Ligand code: AMP
């Protein structure tokens, strides 16, 4: 797998403070912010601060501290967004997963009934 990272992707620019974002939570290893085109009442993106292109890249190469920091950010978002009734976490990946931004991000979507995951 080619996990080469493009530092000019839009989330890298957000991390460098070059583009504004609506931050929901931040720690040493992750940033969570509202999606600019929300697909539901709650739509937050959680991203690692390190240069990882995809979920599998992050799982393979991120340090234990980065992975824990990311998961703690996810937990903080779920708590602050009040998704007690449930949510969906989506990591679109590469071409088959229709990933637009080549910096790993987890969509946290909820706040309403979401229906089935994929059309049957
Ligand atoms: P994906 O197809 O999984 O790569 O999704 C990328 C997501 O990033 C989309 O849901 C976009 O609406 C979102 N997005 C793109 N640019 C921004 C931005 N500047 N701030 C917040 N969300 C963004």
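Taken together, the values in this text are just the output of simple stated rules run on the coordinates, not laboratory data. Keep in mind that what you see is a predicted model, and the values were worked out from it rather than measured. Ideal geometry is used to build each Cβ from the backbone, glycine not excepted, and the neighbour counts take in all protein chains shown.
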Exercise. Regarding the stretch 46-89, what whole-number volume in Å³ per residue does the convex hull of its Cα atoms give?
Worked result: 73
Seminar exercise, completed: Checking rank on 1-8, 31-38, with mean other Cβ inside 10 Å and highest first, the result is 31-38, 1-8
Problem set entry | For a label point 7 Å along the Cα-to-beta-carbon line of residue 94, residues of the stretch 1-44 with backbone N under 12 Å | 1-4
For this session: Calculate how steeply helix 64-81 sits against the longest principal axis of the alpha-carbon atoms of the chain, using the helix alpha-carbon long axis, and give the answer as 0 to 90 degrees to the nearest 10.
Result: 30
Exercise. If contacts are Cα pairs under 8 angstrom and at least 6 residues apart, what is the relative contact order of the chain in percent?
Worked result: 30
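How far, in nm, would the chain grow between residue 75 and residue 61 when pulled straight, counting 0.36 nm per residue and subtracting the alpha carbon separation?
Answer, rounded to one decimal: 2.9 nm.
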For this session: Just grab the label-to-label distance for residue 28 and residue 1, each label 7 Å out from Cα along the Cβ direction, in nm (one decimal).
Result: 2.6
For this session: Compare the peptides 48-55, 87-94, 60-67 by average per-residue count of other Cβ atoms within 10 angstrom and give them in order, highest first.
Result: 48-55, 87-94, 60-67
Problem set entry | Unit Cα scatterers, Debye sum, the chain: log10 I(q)/I(0) for q = 0.10, 0.11, 0.18 Å⁻¹ | -0.29, -0.35, -0.96
